[in-house]
Structure formats: structure tokens, C-alpha cells
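Worksheet for the structure shown next.
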Amino acid sequence: MSGIQEFIANEVKSNDVVLFMKGTPQFPQCGFSGQVVQILDYIGVDYKGINVLADAEIRQGIKDYSNWPTIPQLYVKGEFIGGCDIVREMFQAGELQQHFQENGISVRAAS
């Protein structure tokens, strides 16, 4: 495993929720990353955002790691959940919130 793959694996395993994204949670730099940030913020989940634009190695490395061609990518407890479309569909169906709770990750109570 290359250094970048080890870095990615460590981030994914040592943080409950990790979002590999373009930009930062405060300043998303693509619409898809921004949508996932909005969903995670709405649910009220603590997560770590990793800006793939800051490092070309991470940008390519995460695609190799997940075998998924696009950014953003959401990981929960070391498991790849999906990109923007999947996250949005799960959120709208209430499955995303349920998935977090099943994994012991606290979410904001639905209002």
C-alpha cells in the first residue's frame, strides 16, 4: 500500500465520519460537495472534511481507494457510503440518519 493509501485508510478508520470533498466544509468548491455538506450539517453529524483539491495525490488516491470515480465520497465507520446522489437519496428516504444511529453516531433530533 502506498503512502497516500495508508494516509487515506488511517483517516477513514480513525474518524467516524469522513467526507472527501472539493473544498472545505466551510467553503465547498463544487455543488455536489456542497450538497453533501448541507445534508451532514442538517442532520447535525460531526465529520471531518478532507479537501482533495489541496493535494492531487489524495484526489487520485481516494478514487483508487474506493474504486469510485467521483468526488465527494462519504465514509462512515470506515465504510464507503457513496457520492452525492447516493447520500441525497439515502437522506431523503431517512436511511442516512438511520445508518448513523445504527453505527452509534449521534444525529440532531428530527424537528
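Every number in this text was worked out from the coordinates using simple rules, so none of it is lab data. The shown structure was predicted, so the numbers you read here are calculated from the model rather than taken from an experiment. Heads up, the Cβs are rebuilt from the backbone with ideal geometry, glycines too, and the neighbour counts pull from every protein chain shown.
Relative contact order for the chain: what percent, with Cα pairs under 8 Å and sequence separation of 6 or more? It would help to have the intermediate numbers written out before the result.
Numbers: 153 pairs, mean separation 34.9, N = 111.
Relative CO of the chain lands at 31 percent.
So which aspartates and glutamates can residue 63 reach, going by Cα to Cα under 20 Å and dropping same-chain residues fewer than 8 places off?
Counting by Cα, and skipping residues close in sequence, residue 63 has these aspartates and glutamates nearby: 6, 11, 16, 55, 79, 85.
Would you compute, from DSSP H runs of 4+ residues alone, the mean residue ellipticity of the chain at 222 nm, taking -39500 (n - 2.57) per run and dividing by the full residue count, rounded to the nearest 500? Spell out each step's value before the answer.
Numbers: 5 runs with 53 residues, N = 111.
That comes out to -14500 deg cm²/dmol.
Spin-label point model (7 Å from Cα, Cβ direction): what's the residue 79 to residue 59 distance in nm?
So the two model labels end up 3.1 nm from each other.
Per residue, what volume in Å³ does the Cα convex hull of the chain take up? List each step's numbers first, then the result.
Numbers: hull volume 10.2 nm³, N = 111.
It comes to 92 Å³ per residue, whole-number rounded.
If R₀ is 30 angstrom, what is the calculated FRET efficiency for the pair residue 92 and residue 6, using the beta carbon separation as r and rounding to 0.05? Don't skip to the answer; put the middle values down first.
Details: r = 35 Å, r/R0 = 1.17.
FRET efficiency, residue 92 to residue 6: 0.30.
Ranking request for peptides 67-73, 19-25: highest mean number of other beta-carbon atoms within 10 Å first, then the rest in descending order.
Details: 67-73: 16.4, 19-25: 21.6.
Taking the mean over residues of other Cβ atoms within 10 Å, the ranking is 19-25, 67-73.
Count charges around residue 99 for me, please; just the other residues with Cβ under 11 Å from its Cβ, Lys/Arg as +1, Asp/Glu as -1.
Values: positive: 77; negative: 79, 95, 102.
The answer is -2.
Which Cα, out of 87, 103, 28, lies furthest along the positive dipole direction of the chain (beta carbon charges, K/R +1, D/E -1)?
28
Using only Cα positions of the stretch 50-111, each an equal point scatterer, no hydration layer, compute I(q)/I(0) via Debye at q = 0.30 Å⁻¹ and quote the log10 values to two decimals.
Debye curve over Cα of the stretch 50-111, log10 I(q)/I(0) at q = 0.30 Å⁻¹: -1.26.
Let a ≥ b ≥ c be the square roots of the eigenvalues of the Cα gyration tensor of the stretch 1-63; is it rounded (a/c under 1.5), or, if not, prolate (a/b larger than b/c) or oblate? Kindly include the intermediate steps, with their values, before the conclusion.
Working: a/c = 2.93, a/b = 1.45, b/c = 2.03.
Note, shape of the stretch 1-63 comes out oblate.
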